[in-house]
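To start, the structure itself, in structure tokens.
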Amino acid sequence: MSKPKVGVFGFAGCGGCQLEILNLEEQLVDFIKAVDIVNFTEAITEHSDTYEIALIEGSVSTNHDLEKLEHISKIAKIIIAVGACACTGGLNCLKNLYGLEKAKELVYGDKKDWIDAIETKPIDAYVKVDYYARGCPPTRSEIVDIVKSLIVGKKPEIPNYPVCIECKRLGNTCLYEYGLSCFGPVARAGCNARCPSSKSGCEACRGYIDQPNINAQKDLLSRYGLTVEDIMEGFNLYNACKNNVLKK
Amino acid sequence: MAENVNIEVSPISRVEGHGDLVLDIKNRKIEKLQFRIPEAPRFFEAMLVGKKYDQPSHITSRICGICSVAHTFASIKATEDALKVKLNDLILKLRRIVNIGEYIQSNCLHVYFLAAPDFLGVGSVIPLIETHPDVVNIAINMKKIANDIVRITAGRAVHPITTIVGGFTKLPTEQDLLNIKNMLNSLYPDLEISLKVLKSLKLPKFERETEYISISNNYEYALYDGDLKSSDGWVIKPINYLDKIKEKVVEHSTGKHCWANRDSYMVGALSRVNNNYEMLSDRAKQYAEELGLKVPCYNTFMINIAQFIEIVHCVDDGIRLIDEILNEGLKEDKALVEVKPKAGRGVGIVEAPRGTLIHDYTYDKSGKITKVNLIIPTNMNYANVEKDLEAYIPSIIDKSEDEIRFHSEMLIRAYDPCISCSTHFLNVKLINK
Ligand code: SF4
Ligand code: SF4
Ligand code: SF4
């Protein structure tokens, strides 16, 4: 694909993923020259209905989102889900746990019927997603790498091993030693163990690896006198829509 | 000439955008004017109920990527207020540095990437790469430095990691702080060049006096902490904000509308400069003079100038804070103070780059949230945006439809509404009857 037309779209999210594209810094000008950005809500006025690649941020949480997503999927040849909200539903799914009707009532009171809101879902609940740039937000290089490898016709490489591997490679002291909890054993790497390296437990914002070694996580927890339930809440932050894996 | 103009969005065919302006002009009179943000409602208040005190800041950070530091701090402050956490000086100073990083990130993004294309008459920053490479280079360099400041002090440029209730999970090193100081120092020449560029721009003249609200204190230009202050003369403690700030759900918008003394008020850079001008650094005041910003200033378009002046102030203030921290010494054992669950209510108010931000939490005795109220700056500005448009459009009514649309958008953008709805959103259908 030489100089593909790219659309950047946003659904329910915080704009942080789109912001990370604007944050490409010295890579920004190169990126803008390598592709032809025809839609980018956060940054450009122009928009078009012709594009090959759609970068999609955010989860689907209104009927209007759904219509718009279906429209995009008819046009784009390749859909890249960018960020936890798009990939797993992200934090937005916490609202589902609370209950949609209850949530509407809590925030909008007796005016709740004015609000268009449906259960939050990741975009692959509705359309086929070709690639996932995971994280909340993803690393900037991952977004660029995926697009770049598409341009040169390669398959982007996304790690399928746990954050612990990166964390140990960096020589960090395991956070469990400090009495903190961490989802490193089952969370998907690729962020260079960003949170544990800042002495903050991994919350699996990149989702989990394909075949998570649940026993490794459980062993680790029990070694420190914890159970899955104890830390489930942390995991739910980003994976509430897909939260049954660890309970098995 | 626009006798009758009907500008409205067509929601089904619209594939782009988060904000709409509905504008109906008949016989040169505004029949209907509605600014709305059909932003997907995300229900953060509901997400927070039942959460333990160490989680809300990570969750609310995700309300807005571009204000993630502000949300983090408003959240942490609300929790610390409720749990009666006593912080030390080091934590408070370091938090201010993180905050300064976000101010430069955000104000730089808005002034250079989002507003500059308006003033230079193009649709985005992309054409500026060819026509104004110097400005684009300054913007990219400044953004990078600001991102680095937040990354070094808070673990990540968007959505901070190390900033938690009670302090920091990890401190930057002395060398880190020296590096930040050097980076800040390196920005002065860029600020000089930017000053020249900004001086050459002609901003639209539009004045409408309104109520200006921000936080304020007597020891610094208030961004992180202070009482709520209004240009109408009242000052109240954060915990009493509900005595003045009122909110209602309006039919055409998922964002609530706010008012205080009058039917609308403004928050953001212009309110802060109007309310706290004396606290700006000397250099920032000198820049303000050169750019013709005299307080009180009632021109909404001057928000962008006020944002630039705040960048200047933040660079000066960041250097001052780093010198103070290095003098007093960075001590690892001061990174975190003790936090214990406790029942009670707490309010955290900070100035996000785009305006006053309020988090209000009630905790039960096990340290879980039972009740939440969040008021975000974009909501506070809604009603004021509509009032501004009502006053501004008659003065441009003789222009073409395209120009009316462009100038209305530009006025809305001047407010720097939260990023997900800030830019270039009027994919409008225009019917000229
Ligand atoms: S994934 Fe995270 S950074 Fe991206 S839009 Fe969602 S909340 Fe924001
Ligand atoms: S559990 Fe967390 S802190 Fe421990 S090694 Fe794994 S990633 Fe690192
Ligand atoms: S360490 Fe875990 S929570 Fe942090 S960025 Fe990586 S995957 Fe996300």
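Would you confirm, using the coordinates I've provided, whether A:D145 is more than 14 Å from chain B (Cβ to nearest Cβ) and more than 16 Å from ligand 1 (Cβ to nearest atom)?
For A:D145, the condition - more than 14 Å from chain B (Cβ to nearest Cβ) and more than 16 Å from ligand 1 (Cβ to nearest atom) - is met.
Can you pull out the residues in region B:46-86 that are surrounded by 24 or more Cβ atoms within 10 Å (Cβ to Cβ), away from every other protein chain (no Cβ under 14 Å) and among the β-branched types (V, I, T)?
B:T79, the sole residue that qualifies.
Among the numbered criteria (1) of a type in the set (S, T, N, Q); (2) in the same structural domain as A:D210 (by TED's automatic domain parsing); (3) more than 16 Å from ligand 3 (Cβ to nearest atom), which single criterion is violated by A:N96?
Condition (2) is where A:N96 drops out.
What residue, of A:K68, A:K104, A:K148, A:K128, is basic (K, R), over 17 Å from the mean Cα position of the chain (by Cα) and surrounded by fewer than 19 Cβ atoms within 10 Å (Cβ to Cβ)?
Going through A:K68, A:K104, A:K148, A:K128 in turn, just one is basic (K, R), over 17 Å from the mean Cα position of the chain (by Cα) and surrounded by fewer than 19 Cβ atoms within 10 Å (Cβ to Cβ): A:K148.
Pick out the one residue from A:R206, A:R194 that is within 14 Å of chain B (Cβ to nearest Cβ), under 20 Å from A:L237 (Cα atoms) and in contact (Cβ under 8 Å) with a residue 60 or more places away in the chain.
The conditions single out A:R206.
Out of A:K121, A:K112, which single residue is within 16 Å of ligand 1 (Cβ to nearest atom), open to solvent by 30 Å² or more (accessible area, probe 1.4 Å) and within 14 Å of chain B (Cβ to nearest Cβ)?
None of the other options fit; the residue is A:K121.
Quick check on my filter: what residues within region A:168-196 are outside any loop (DSSP other than H, G, I, E, B) and more than 8 Å from ligand 3 (Cβ to nearest atom)?
A:K168, A:R169, A:L175, A:Y176, A:E177, A:Y178
Would you please list the contacts, defined by Cβ atoms under 7 Å and residues six or more apart or on different chains, that run from a residue in region B:235-259 that is in the same structural domain as B:A82 (by TED's automatic domain parsing) to a residue that is in a strand (DSSP E or B) and at pLDDT below 75?
Pairs that qualify, where the first residue is in the same structural domain as B:A82 (by TED's automatic domain parsing) and the partner is in a strand (DSSP E or B) and at pLDDT below 75, are B:H252/B:R36; B:S253/B:R36.
Could you check region A:188-209 and list, in sequence order, the residues that are away from ligand 1 (no atom under 15 Å from the Cβ), touching a Pro at 6+ places or on another chain (Cβ under 8 Å) and of a type in the set (G, A, S)?
Within region A:188-209, A:A189 is the sole residue that qualifies.
Find all pairs meeting these conditions: Cβ atoms under 7 angstrom apart; at least six residues apart or on different chains; first residue within region A:159-172 and away from every other protein chain (no Cβ under 14 Å); second residue open to solvent by 80 Å² or more (accessible area, probe 1.4 Å) and more than 13 Å from ligand 3 (Cβ to nearest atom).
A:N160/A:D210
Looking only at region A:160-196, how many residues end up being touching a Ser or Thr at 6+ places or on another chain (Cβ under 8 Å) and near ligand 2 (Cβ under 7 Å from one of its atoms)?
Within region A:160-196, residues that are touching a Ser or Thr at 6+ places or on another chain (Cβ under 8 Å) and near ligand 2 (Cβ under 7 Å from one of its atoms) number 3.
Of the conditions (1) under 30 Å from B:I63 (Cβ atoms); (2) open to solvent by 10 Å² or more (accessible area, probe 1.4 Å), B:P127 satisfies every one except a single condition; which number is it?
(1)
Do the conditions hold for A:K95, that is, is it buried (at least 21 other Cβ atoms within 10 Å of the Cβ) and either more than 30 Å from B:F406 (Cβ to Cβ) or within 11 Å of another protein chain (Cβ to nearest Cβ) (or both)?
yes
When you scan region A:115-122, do you find a residue that is assigned by TED's automatic domain parsing to the domain that holds A:D30, assigned to a helix (DSSP H, G or I), acidic (D, E) and away from ligand 2 (no atom under 16 Å from the Cβ), even just one?
no
Checking the structure you have, find out if any residue of region B:189-202 is part of a loop (DSSP other than H, G, I, E, B) and surrounded by 16 or more Cβ atoms within 10 Å (Cβ to Cβ).
no
Taking region B:167-176, which residues are away from every other protein chain (no Cβ under 11 Å) and surrounded by fewer than 22 Cβ atoms within 10 Å (Cβ to Cβ)?
Result: B:T173, B:E174, B:Q175, B:D176.
Given (1) within 7 Å of chain B (Cβ to nearest Cβ); (2) buried (at least 24 other Cβ atoms within 10 Å of the Cβ), where does A:Q18 come up short, assuming only one miss?
Result: A:Q18 passes all but (1).
For B:L184, indicate whether it is in contact with a Cys (Cβ under 9 Å, 6 or more places away or on another chain), open to solvent by less than 20 Å² (accessible area, probe 1.4 Å), closer than 30 Å to A:K199 by Cα and assigned to a helix (DSSP H, G or I).
Here the answer is yes, as B:L184 does meet what is asked.
Any idea which of B:A139, B:A146, B:A154 is within 16 Å of ligand 1 (Cβ to nearest atom), within 13 Å of chain A (Cβ to nearest Cβ), in contact (Cβ under 8 Å) with a residue 24 or more places away in the chain and among the small types (G, A, S)?
B:A154
Taking only pairs six or more apart or across chains, which ones have beta-carbon atoms under 7 Å, a first residue in region B:78-100 that is under 22 Å from B:I319 (Cβ atoms), and a second residue that is of a type in the set (S, T, Y) and at pLDDT 95 or above?
Close Cβ pairs satisfying both conditions: B:L94/B:T153; B:R95/B:T163; B:R95/B:Y224; B:R96/B:Y224; B:I97/B:T153; B:V98/B:T153; B:V98/B:T163; B:N99/B:Y224.
The values are calculated or read from the model by the stated rules, or taken from the named source; none is laboratory data. It should be emphasised that the depicted structure is a prediction, and the values quoted were computed from it without experimental measurement. Every residue, glycine as well, gets a Cβ built from its backbone with ideal geometry; the counts of neighbours run over all protein chains shown. We work out accessible area using only protein heavy atoms, side chains counted, and drop any ligands, DNA or RNA first. Shrake-Rupley method; radii C 1.70, N 1.55, O 1.52, S 1.80 Å.
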